[in-house]
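Here, each number is a calculation from the coordinates, and none is a lab measurement. Owing to the predicted nature of the structure, the values given are computational and were not obtained by experimental measurement. Methodologically, a virtual Cβ is constructed for each residue, glycine included, from the backbone with ideal geometry; neighbour enumeration extends over all protein chains shown.
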Amino acid sequence: MAAAVRRCILYTALSLLVLGSSLGSSAGSPEASFVKKTISSHKIVIFSKSYCPYCRKAKAVFKELNQIPHVVELDERDDGSEIQDALSQRIGRRTVPQVFINGKHIGGSDGKLIIQSKRMKVGN
């Protein structure tokens, strides 16, 4: 019994060490830096995939508002998957599109994107 408990504690400790090191390494990764710099350098940013219909919908919202977002097409980059991982750690989901306005994450392509975009006065 004591050996089983010891193994369980050892396994838990090792798991936490591995998980902690993997979380820490990506937070300071080049991709995480790219995400942070991109978001802070542009008024509107869309992390997208060129073939995604939801991404096209999000881009259309800004076209309708006469705004030109900075678009990062993840599927067209060699490091796209790693950027998507870094983005996922920042916002808690891996789906695209992910839209940022003035550094603030506002979500994806659902209906609230249009409402929030207009409320944030991206046109001004």
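Listing for the model above:
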| quantity | calculated |
| --- | --- |
| Inter-label distance, nm, simple model (7 Å from Cα along the C-beta direction), Ile91/Asp75 | 1.7 nm |
| Residues in segment 31-65 reached by a label modelled at Asn102 [backbone nitrogen below 12 Å; 7 Å Cα→Cβ] | 43-44 |
| Pairs of Cα atoms farther than 21 Å apart, segment 28-119, % | 22 percent |
